[in-house]
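K.L.:
I have a structure I would like to understand better, so I am pasting it below and will then ask my questions one at a time.
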Amino acid sequence: MKIYEKAPAKINLLLDVMRKREDGFHEVEMIMTMVDLADRLEMEELPRDTIIISSQAGYIPLDEKNLAFQAARLIKDRYNVSKGVYIHLDKHIPVAAGLAGGSSDAAATLRGLNRLWGLGISDEELCELGAELGSDVPFCVTGGTAIARGRGEKLERIGNPPQCWVILAKPPINVSTADVYGKLRASELKQHPSTKHMLEAIAEGSFAGVCTYLGNVLETVTLQLHPEVLQMKEIMQRLGADGVLMSGSGPTVFGLVSKEAKVSRIYNGLRGFCKEVYVVRMLT
């Protein structure tokens, strides 16, 4: 028996950081949604007690450094599963890109193994397991659109933003989330994005409002460390994207576009500066 799971990428429409907590994590408030750029996972039970991961991508670890591997080991240990699993990971989401590719793979592994082994774990329990693996994993377990608070594990589901095209461009650099948060001085931030206004725009189905209230305080760090990200934002704005923002800790920049007629011009323009450009839709 084989189980198949899709692991979509996420983007942050809003990312705010309130403070650094005593446990070393940051207190965040994020509004996240998913887009139709996805990894695909195929899972098959093995008779012996082992975890084997393969992938067509030559640039990802296939051992305990891989979040899908960690998710499989966690669920096996927690629920005393003595069988093994073979997981093939068909990668499409760029790595270390601010799109939660690894977190979504881990979430898909939790969902898939729950089905494969008939464990009957609730979504709430899967989210709790996911929180042990990473801050974005609980959101990726159930997807949709949500506000995430705490360190990302406290989720409140909300309605989806208005449908539009999403153009993703990843400059040819990798960004360490830990480095970005490490250099962020939350107490010195002068401006914070408005969660209230973004929620109102989403509730009203206002595409213009969503574009107006896009915001990510991590740009204050990443854009200074990596001028290529700022350049990508400026190019995307110049080419006519309606709303432009860096996702997560970067380096991927996304542009929201309402009119299909603009999409190919922006895509072709970006391809002159960047190899990794994707045109997708929001998963609504």
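K.L.:
What number in nm² do you get for the chain if you take the convex hull of its Cα atoms and divide its surface by four?
P.N.:
Values: hull surface 58.5 nm².
Its Cα hull, projected and averaged over all orientations, spans 14.6 nm².
K.L.:
Leaving out ligands and nucleic acids, and using a 1.4 Å probe, what accessible area per residue does the chain come to in Å²?
P.N.:
44
K.L.:
Apply the Debye scattering formula to region 34-169, with a single equal point scatterer on each alpha-carbon and no solvent, then give log10 I(q)/I(0) at q = 0.11, 0.14, 0.15 Å⁻¹.
P.N.:
-0.39, -0.63, -0.73
K.L.:
Restricting things to alpha carbons, tell me how big region 1-106 is in terms of Rg and Dmax, in Å.
P.N.:
15.9, 48
K.L.:
How would region 135-235 be classified by its alpha-carbon gyration tensor: rounded, prolate or oblate, with rounded meaning a/c under 1.5 and the a/b versus b/c comparison settling the rest?
P.N.:
prolate
K.L.:
While we're on this one: Towards the positive end of the charge dipole of the chain, with charges on Cβ (+1 Lys, Arg; -1 Asp, Glu), say which of MET282, VAL244, GLY159 has the farthest Cα.
P.N.:
Looking along the dipole axis, the top candidate is VAL244.
K.L.:
How large, in percent, is the carbon and sulfur part of the accessible surface of the chain at a probe radius of 1.4 Å?
P.N.:
48
K.L.:
Another question, if that's okay. Below 8 Å between Cα atoms, with a sequence gap of 6+, how large is the relative contact order for the chain in percent?
P.N.:
Relative contact order comes out at 23 percent.
K.L.:
For the full complex of protein chains and a 1.4 angstrom probe, list VAL279, VAL17 by accessible area with the highest value first.
P.N.:
VAL279, VAL17
K.L.:
Given LYS10/LYS91; LYS2/LYS91; LYS154/LYS262; LYS233/LYS259, which pairs have Cα atoms separated by over 26 Å?
P.N.:
LYS154/LYS262
K.L.:
Something else about it: Amide H neighbours of CYS164 under 5 Å, counting only residues 5+ apart in sequence or on other chains, H built in-plane at 1.01 Å?
P.N.:
Close amide H contacts, sequence-distant or interchain: MET282.
K.L.:
Considering the options GLY150, ILE173, ILE121, tell which one lies farthest towards the positive end of the dipole of region 107-187, charges being +1 on Lys and Arg and -1 on Asp and Glu at the Cβ, about the Cα centre.
P.N.:
The residue sitting farthest along the positive end of the dipole is ILE173.
K.L.:
What are the ³J(HN,Hα) couplings of region 108-123, residue after residue, when phi is run through the Karplus curve with 6.51, -1.76, 1.60 and θ = phi - 60°? Round to Hz, x for glycine and proline.
P.N.:
Once rounded to whole Hz, the list reads 5, 5, 4, 5, x, 6, 4, 6, 4, 9, x, 7, x, 7, 6, 4.
K.L.:
Right, another one. Rounded to whole Hz and in sequence order, give me ³J(HN,Hα) for region 25-39 from the Karplus expression 6.51 cos²θ - 1.76 cosθ + 1.60, θ = phi - 60°, writing x for Gly and Pro.
P.N.:
Calculated HN-Hα couplings, in order: 7, 9, 7, 10, 9, 10, 10, 10, 9, 10, 10, 8, 10, 9, 7 Hz.
K.L.:
At 222 nm, what value in deg cm²/dmol follows for the chain if DSSP H runs of at least 4 each add -39500 (n - 2.57) and the sum is divided by all its residues, to the nearest 500?
P.N.:
Mean residue ellipticity, 222 nm, calculated: -10000 deg cm²/dmol.
K.L.:
In whole Hz and in residue order, list the ³J(HN,Hα) couplings for region 49-61 that follow from phi through the Karplus curve 6.51 cos²θ - 1.76 cosθ + 1.60, θ = phi - 60°; x for Gly and Pro.
P.N.:
7, 8, 10, 10, 10, 10, 7, 6, 8, x, 10, 10, x
K.L.:
How high is the relative contact order of region 165-276? Use alpha-carbon pairs under 8 Å, at least six apart in sequence, and give a whole percent. Don't jump to the answer; show the numbers that get you there.
P.N.:
On the way: 157 pairs, mean separation 43.3, N = 112.
Answer for region 165-276 is 39 percent.
The values are calculated or read from the model by the stated rules, or taken from the named source; none is laboratory data. None of these values were measured; they are calculated from a predicted model. Methodologically, a virtual Cβ is constructed for each residue, glycine included, from the backbone with ideal geometry; neighbour enumeration extends over all protein chains shown. What goes into the accessible areas is simple: the full protein's heavy atoms, side chains included, and nothing from ligands, DNA or RNA. Shrake-Rupley method; radii C 1.70, N 1.55, O 1.52, S 1.80 Å.
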